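The values are calculated or read from the model by the stated rules, or taken from the named source; none is laboratory data. All figures in this text were calculated on a predicted structure; none of them were measured in a lab. Cβ placement follows ideal geometry from the backbone for every residue including glycine, while neighbour counts extend to all protein chains displayed.
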Amino acid sequence: MTTSDSQPSGAAKEEQLPVKRELTEVSLLFEISQMLDRSLDLGEVVGPILQLLHERMGMSRGTLTLLDRETGQAYIEAGHGLSSSQRKLGLYAPGEGITGRVIESGRLMVVPRVSEEPRFLDRTQSRKHLKKQDISFICVPIKLGKEIIGALSVDRLFSEQVQLDEDVRLLSIIASMIAQAVRLRQSAQAERQRLIEDNLRLQDELKERFRPANIIGNSRVMQAVYDQIGRVCKSDATVLICGESGTGKELVANAIHYNSPRAGKPFVKVNCAALPETILESELFGHEKGAFTGAVAQRVGRFEMASGGTIFLDEIGDFSMATQIKLLRFLQEREFERVGGNKTVRVDVRVITATNRNLEQLIAENKFRQDLYYRLNVFPIHLPPLRERKSDILLLADHFVLKYGSLNHKKIKRISTPAIDMLMAYHWPGNVRELENCIERAVLVSDDDVIHGHHLPPSLQTAEASRTTLVGTLQVALDSLERELIVDALKSSRGNAAKAARELGLTERVMGLRIRKHGIDPDRFRARW
């Protein structure tokens, strides 16, 4: 076989070159399609695509330039053969340079020799070292329908033998693939945003749903309470509700039970402070016949009554140490014995407790068991005092006006401005319960369908509302004013005499003398658990 027989002729070589390029392009486009499917972040996949163009097709310094709709400028999102500092230089105004003109017009541009094209800017300064070699530059637009979102560009060393038309066709196909990937990413982003908005809407609906109808208040601190109720009500976790007297601890316990899977089962409430210590254990756990004098028959305790449901132990801080031990055993083992009995009783009961006392302080004073506290404090809920949720006062007042107006067959139309000012200025040591009592009294004494300032109790009255004036000698007037200022300062500082002294510009010694002079007891202004 001759050499000419074993090797293709020149014409055959020319036929094989397009075939070889076509196969290379098909393989390249397949790999690019796989890359575009791997990530939603274009910046992560376009760089490797440009790297492939360099390795397979001999193209260098490729860039993906995107249009920023807010600024109107085009910027380099991803690049190959460019440093990070060079990419930052690649900013183009509409119509500026070749890239800017392509993005503005939506038409591709081919520059066979950039040295002969005055509009070529080399904004990135990445071609300075190519002094003896000229390059060709190809830039094609990336379109979403009629909208131009950016451009894809590459460099190629200039050669008379290179057919740039083939490069243009390949880049146009890749730009179209990138545009479709952008469309899919936009759809995914829109779907993600819709899901986020739906999630936020559902969270708001859940907050409203888990806001019990018997609890009034839209303040931020109460929203946090509603959120806690919503989180814990579906579980069987033990709940400890803390807060001052009159803040609505029993209402929260009701809300937790009636929004739980146990809602159809018994809800047994026990006010531990109202029961004498001698019978509290019997009330809770029951007793056998003959267990003590007067035990003429077996008695079922509150825990057994609540079987399958919930038991609410109010004022848990008043438990005796002996009763605390029995309660601790129940929380650990879910079993107990009746008073005077030796038969173990097991019940399925969820425990909710409440207290207005500082249990941690009681632990320090050895009046409350630390291990019991940890068992009760699985999910604590703190109810804020009314003075910390001032924005809810008018909502509560309106609710109580409607409630007691209906009960007493009165149609109260409004609360006067002076009365509102008095309600907002008062510090409410009795919290919501005190507010409810004040409104009930005001509804009863109102005779013109309006709640006026003088309908409120004297403890809420101000000098302006009650139209009181200082009478007597100058010294009597000064003493009265001094006492009023000290009382107001103690109210603001919640009974902290040192803080009140600082507010009035007095020393603690002088403040103590003035308090004793006027017979003021700072303890009555202190916040109590």
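For VAL476, are the conditions met, namely being modelled with pLDDT under 90, in contact with a strand residue (DSSP E or B) (Cβ under 9 Å, 6 or more places away or on another chain) and not basic (Lys, Arg)? No.
Is one or more of the residues making up the stretch 316-332 free of Cβ contacts under 8 Å to residues at least 12 places away in the same chain, out of contact with any strand residue (DSSP E or B) (no Cβ under 7 Å at 6 or more places or on another chain) and among the aromatic types (Phe, Trp, Tyr)? Steps first, answer last, please.
Pass one, the stretch 316-332, residues free of Cβ contacts under 8 Å to residues at least 12 places away in the same chain: 329.
Add one more test, that the residue is out of contact with any strand residue (DSSP E or B) (no Cβ under 7 Å at 6 or more places or on another chain), and what stays is none.
For the stretch 316-332, residues free of Cβ contacts under 8 Å to residues at least 12 places away in the same chain, out of contact with any strand residue (DSSP E or B) (no Cβ under 7 Å at 6 or more places or on another chain) and among the aromatic types (Phe, Trp, Tyr): absent.
Checked against the criterion of being surrounded by fewer than 16 Cβ atoms within 10 Å (Cβ to Cβ), at pLDDT 85 or above and not aromatic (Phe, Trp, Tyr), the candidates ALA498, ALA527 yield just one match: ALA498. You will find that of ASP523, ASP488, the residue that is within 28 Å of ILE241 (Cα to Cα), out of contact with any His (no Cβ under 9 Å at 6 or more places or on another chain), in a helix (DSSP H, G or I) and not hydroxyl-bearing (Ser, Thr, Tyr) is ASP523 and no other.
Residues that are within 31 Å of the chain's Cα centre (by Cα), more than 18 Å from PRO457 (Cα to Cα) and charged (D, E, K, R) within the stretch 388-430 comprise GLU388, ARG389, LYS390, ASP392, listed in sequence order. Filtered by the rule that a residue be surrounded by fewer than 19 Cβ atoms within 10 Å (Cβ to Cβ), in contact with a strand residue (DSSP E or B) (Cβ under 7 Å, 6 or more places away or on another chain) and among the hydrophobic types (A, V, I, L, M, F, W, C), the stretch 233-267 gives a lone residue, ALA237.
Does THR507 count as more than 29 Å from ILE415 (Cα to Cα) and at pLDDT below 80? No; evaluated as a whole, the condition is false for this residue.
Of all residue pairs spaced 6 or more apart or on separate chains, those with beta-carbon atoms under 9 Å, a first member in the stretch 243-263 that is farther than 22 Å from ASN431 by Cβ and a second member that is in a helix (DSSP H, G or I) are ASN259/ARG209; ASN259/ILE229; ASN259/GLY230; SER260/VAL232; ALA263/HIS257. Within the stretch 377-417, being farther than 23 Å from ILE241 by Cα and in a strand (DSSP E or B) holds for ARG414, ILE415.
Does the stretch 412-435 include one or more residues that are over 15 Å from ARG387 (Cβ atoms), among the basic types (Lys, Arg) and out of contact with any strand residue (DSSP E or B) (no Cβ under 9 Å at 6 or more places or on another chain)? Checked against the condition, which is being over 15 Å from ARG387 (Cβ atoms), among the basic types (Lys, Arg) and out of contact with any strand residue (DSSP E or B) (no Cβ under 9 Å at 6 or more places or on another chain), the stretch 412-435 yields no hits at all. Evaluating TYR374 against the criteria (1) within 30 Å of the chain's Cα centre (by Cα); (2) loosely packed, with under 15 Cβ neighbours inside 10 Å; (3) of a type outside the set (A, V, I, L, M, F, W, C); (4) not in a helix (DSSP H, G or I) leaves one unmet condition, (4).
So that you can scan it fast, the table gives a plain yes or no per residue for (1) exposed (fewer than 15 other Cβ atoms within 10 Å of the Cβ); (2) modelled with pLDDT of 90 or more; (3) part of a helix (DSSP H, G or I); (4) touching a Phe, Trp or Tyr at 6+ places or on another chain (Cβ under 9 Å):
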| residue | (1), (2), (3), (4) |
| --- | --- |
| ALA419 | no, no, yes, no |
| GLU434 | no, yes, yes, yes |
| ASP447 | yes, no, no, no |
| SER459 | yes, no, yes, yes |
| GLU464 | yes, no, yes, no |
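Taken across the stretch 271-288, residues that are in contact with a Ser or Thr (Cβ under 8 Å, 6 or more places away or on another chain), exposed (fewer than 15 other Cβ atoms within 10 Å of the Cβ) and of a type outside the set (Phe, Trp, Tyr) do occur, with at least one present.
Scanning the stretch 483-503 for residues that are more than 23 Å from MET424 (Cβ to Cβ) and over 40 Å from the mean Cα position of the chain (by Cα) turns up just one, ARG483. Exactly one residue out of ASP371, ASP392, ASP449 is at positive phi and in contact (Cβ under 8 Å) with a residue 12 or more places away in the chain, and it is ASP449.
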